[in-house]
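Nothing in this text is a laboratory measurement; each read-out follows from the coordinates by a stated rule. Since the model is a prediction, treat every value here as computed from it, not as a measurement. With ideal geometry, Cβ positions are generated from the backbone for all residues, glycine too; neighbour counts draw on all protein chains shown.
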Amino acid sequence: MPIVVDIDVMLARRKMSVGELADRVGITPANLAVLKNGRAKAVRFTTLAALCEALDCQPGDLLRWEPEEPVDPSVDA
């Protein structure tokens, strides 16, 4: 997926655990893990705002876009 989630980077910078962040944001650790591991299909702006407040950061510190590598049709999958 071309959107990369860097929550783990911010957690390390803030020396905060996933459980502590989940408590501060008001979501379950399981839902935070889905987001953190890049498996989420969407994120609510209210959740993004709560993450930014808890981590004292900007949305761009948590999310970034990376272009997908083109698929080479000559290589069998």
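Taking interchain pairs and intrachain pairs at least six residues apart, which have beta carbon atoms under 9 angstrom, with the first residue in region 51-74 and free of Cβ contacts under 8 Å to residues at least 60 places away in the same chain and within 21 Å of Asp8 (Cβ to Cβ) and the second small (Gly, Ala, Ser) and surrounded by 10 or more Cβ atoms within 10 Å (Cβ to Cβ)?
Pro59/Ala49
Any chance you could count how many residues in region 10-42 are under 16 Å from Leu63 (Cα atoms), free of Cβ contacts under 8 Å to residues at least 12 places away in the same chain and of a type in the set (A, V, I, L, M)?
Here the count works out to 3.
Out of all the residues in region 1-51, which are surrounded by 14 or more Cβ atoms within 10 Å (Cβ to Cβ) and either in contact with a strand residue (DSSP E or B) (Cβ under 7 Å, 6 or more places away or on another chain) or part of a loop (DSSP other than H, G, I, E, B) (or both)?
The answer is Val5, Asp6, Met16, Ile27, Leu35, Lys36, Ala40, Val43.
In this structure, does Ala54 turn out to be exposed (fewer than 13 other Cβ atoms within 10 Å of the Cβ) and either assigned to a helix (DSSP H, G or I) or touching a helix residue (DSSP H, G or I) at 6+ places or on another chain (Cβ under 7 Å) (or both)? Break it down into steps so the answer makes sense when it comes.
Numbers: exposed (fewer than 13 other Cβ atoms within 10 Å of the Cβ): no; either assigned to a helix (DSSP H, G or I) or touching a helix residue (DSSP H, G or I) at 6+ places or on another chain (Cβ under 7 Å) (or both): yes.
So Ala54 does not fit the description; no.
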